[in-house]
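Visitor: Sharing a structure, written as structure tokens. Questions coming.
The values are calculated or read from the model by the stated rules, or taken from the named source; none is laboratory data. Since the structure is predicted, the reported quantities are computational estimates derived from the model, not experimental observations. Here the Cβ positions follow ideal geometry from the backbone for every residue, glycine too, while neighbour counts run over all protein chains shown.
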Number of protein chains: 2
Amino acid sequence: MITKKITMQDIADSLGVSKVTVSKAINDKPGVGLELKKKILDVATEMDYKINSIAKALKTNRTGNIGVIISDVFFTKNEYFYTKIFRYIEMNAVAGQYNTILTIATEENELTKKTPLMCMEQKVDGLLILGQISNQYLAHLKRLNTPIVLIDFYYRDINLDHIVTDNFYASYIITSHLIESGHTDIGFCGNVNLYSSIQDRFLGYQKALLERKIKYNESFLIMERDDKGAYIDIQLPEKNATAYVCNCDKAAYLLGRKLNSKGFKVPGDVSIVGFDDVEFSTMFQPNITTVRIRIEDMARKAVKQIMRRIDHDEGSGQRIVIGAEIVYRDSVKKLIDD
Amino acid sequence: MITKKITMQDIADSLGVSKVTVSKAINDKPGVGLELKKKILDVATEMDYKINSIAKALKTNRTGNIGVIISDVFFTKNEYFYTKIFRYIEMNAVAGQYNTILTIATEENELTKKTPLMCMEQKVDGLLILGQISNQYLAHLKRLNTPIVLIDFYYRDINLDHIVTDNFYASYIITSHLIESGHTDIGFCGNVNLYSSIQDRFLGYQKALLERKIKYNESFLIMERDDKGAYIDIQLPEKNATAYVCNCDKAAYLLGRKLNSKGFKVPGDVSIVGFDDVEFSTMFQPNITTVRIRIEDMARKAVKQIMRRIDHDEGSGQRIVIGAEIVYRDSVKKLIDD
DNA sequence: CTGAAAGCGCTTACAG
DNA sequence: CTGAAAGCGCTTACAG
């Protein structure tokens, strides 16, 4: 299995040129005759030459790796949303000649502010952080002096580039959709203490109410997770709203099931809408009207942004907002004709 | 943001020793006085020294990276099983001082036998391949002369280490459980043309029937996916079996819903059992009896094995079989008393 | 257009 | 125990 690795020197020798010229040819840099270049490239393929990116990295001070950090809470616990984003990140990175080193930030790592191995070993040129990690841990990572782009979250007091969905606006329009369908008793399902994105969605919902001068009824605010993010048994209010805006599809799914189990029909008695357009929305009968996040767009822009920062590291704290759209399905009952 | 990186030379200079000694101290190698070593380590922390793993890699010919390849088909399309395995792989790798470069093999890459970027650039010391990729593509990857360990699949004619669940045996015991509950009309839901693991599960089911001299009824063989792996509408037989062994939890979930939609109660009219113990099994009411795969075990052993192969590359084709266990839930109706 | 020289930050073998 | 020398495989000036 141990076969000698081909180097640029080998190609150079077999052609009687210098490795400098080979390097130029292979990297498509000026300074090689067209004919010689072709010859070099041909021999390279023939010898099955593979560049030693490690040697290249040492010289250029670029590893060609992007580190991706996902908090353990988000990586599995039924929230495959970030896994899907990662998929597009990986594809976009490879298209841009970068590899991705994915690492999972466990709760312990966050708490103890452990520097990820890939950072300790200087193996990445930049960092993409997916899903909210604690303010303190993020501040720690920022001190590493590696370009960072946040995806789907940000902290006002930590000046870093971030790619976010327009949660506020999307929630505003989906709530408006309920209002336009005739609903006025509209609740919200979600714990606003949990993540910034949930806050934004809650506030978008509030905006829709405010705009129509519909009084917010606090008894219609229900939760599917506690302050630590653990799922809890949903407590329905004594008198239900006629519709609930849920902070995510899983919340909508769980609420839908809770309603069903208490004898309420969806959408016959209570309408529900979700967020994210993940499997949970189609796992429920009837399928849940939700907000589609442009995952692919987010990933693409994130990779583009981190590459920019790696190349010329000026500025930071740029906010990139991605639009979202309603996916109409059958979980909303129309109470009025239009 | 551009601060000069600290090197071993910097530490050496500040202490008036040579970088060779610093290297020995930092790598915990013999040949440094205990006192001096402590001093070096102290200064290193103080200066916030981070080893340049790239330089180290160039010299040692070890990147300290493990490449992980997951076929796109498995990475998202509702089969988060492999994503979960990856999580443990990553954690075990980091514990062993390896980083993981995760790459998704798209259908196109497989078809065109595209060498993953990380391999083209010689960025990994070994490869972990999760979930079945085509024979041809695997053969191509083997030619790269990198140690490879397969997870959850293998090809008889490609001699590579592989970690697999004992699908045959697990299916045999879960089918036996149905038989012991009084069922004799037992079907199988799954497409045996799709993956080797489905074949094994099908055959384990057959063994249980054979052992009890129960005649296999071909009309009880139903499918939830076509030969390309796309989910299809399940066609129930004219006369249903009283129980179905499903090749995975999603199949069980889909079959359960199909049965419900046709007016059959689960397990009142028809019992079902699944495989894998993923969310789908608890997403259905009643929860589905299934087979728990020891994901963590598989990941741990896979990482251990690839590390062994990286360290001393003798031998190959070792087969490591991981046990599995039944998780009893409520989707099986007992037809007899014991 | 072509290439000799230097150097990226380590580690390895060897000498003292 | 300590360190000078060589070298891993590239790329980057620079000289011709």
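Visitor: Taking the stated definitions as given, is A:Thr165 of a type outside the set (Asp, Glu) and closer than 28 Å to B:Asp72 by Cβ?
Guide: yes
Visitor: Mind checking whether some residue in region A:102-119 is more than 16 Å from DNA strand D (Cβ to nearest atom), in contact (Cβ under 8 Å) with a residue 40 or more places away in the chain and assigned to a loop (DSSP other than H, G, I, E, B)?
Guide: yes
Visitor: Hey, does region A:45-60 have a residue that's more than 9 Å from chain B (Cβ to nearest Cβ) and under 30 Å from A:Met120 (Cβ atoms)?
Guide: yes
Visitor: Please specify each residue of region A:15-51 satisfying the condition of being in contact with a Phe, Trp or Tyr (Cβ under 9 Å, 6 or more places away or on another chain) and within 7 Å of DNA strand D (Cβ to nearest atom).
Guide: Result: A:Ile26, single match.
Yes or no, residue by residue, for (1) of a type in the set (A, V, I, L, M); (2) under 29 Å from B:Asn61 (Cβ atoms):
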{"residue": "B:Val291", "(1), (2)": "yes, no"}
{"residue": "B:Asp297", "(1), (2)": "no, no"}
{"residue": "B:Arg300", "(1), (2)": "no, yes"}
{"residue": "B:Gln305", "(1), (2)": "no, yes"}
{"residue": "B:Lys333", "(1), (2)": "no, no"}
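Per-residue answers, yes or no, for (1) touching a Pro at 6+ places or on another chain (Cβ under 8 Å); (2) of a type in the set (D, E, K, R); (3) modelled with pLDDT under 95; (4) surrounded by 18 or more Cβ atoms within 10 Å (Cβ to Cβ):
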| residue | (1), (2), (3), (4) |
| --- | --- |
| B:Tyr88 | no, no, no, yes |
| B:Thr103 | yes, no, no, yes |
| B:Glu107 | no, yes, yes, no |
| B:Asp125 | yes, yes, no, yes |
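Visitor: Also: Those residues that are small (Gly, Ala, Ser), part of a loop (DSSP other than H, G, I, E, B) and without any contact (Cβ under 8 Å) to a residue 24 or more places away in the chain, I need them from region A:251-303; list them, please.
Guide: Listed by number, the list holds a single entry, A:Gly263.
Visitor: Could you run through region A:17-39 and say how many residues are more than 9 Å from DNA strand C (Cβ to nearest atom), more than 14 Å from chain B (Cβ to nearest Cβ) and assigned to a helix (DSSP H, G or I)?
Guide: Of the residues in region A:17-39, 2 are more than 9 Å from DNA strand C (Cβ to nearest atom), more than 14 Å from chain B (Cβ to nearest Cβ) and assigned to a helix (DSSP H, G or I).
Visitor: Can you tell me which residues in region A:227-261 are β-branched (Val, Ile, Thr) and either on the phi > 0 side of the Ramachandran plot or out of contact with any helix residue (DSSP H, G or I) (no Cβ under 8 Å at 6 or more places or on another chain) (or both)?
Guide: Matches in region A:227-261: A:Ile232, A:Thr242.
Visitor: Out of A:Gly96, A:Gly126, A:Gly131, A:Gly67, report the one residue that is more than 7 Å from chain B (Cβ to nearest Cβ), more than 30 Å from B:Ile6 (Cβ to Cβ), touching a residue at least 60 places away in the same chain (Cβ under 8 Å) and of a type in the set (Gly, Ala, Ser).
Guide: A:Gly131
Visitor: Out of A:Tyr328, A:Tyr253, which single residue is among the aromatic types (Phe, Trp, Tyr) and more than 14 Å from chain B (Cβ to nearest Cβ)?
Guide: A:Tyr328
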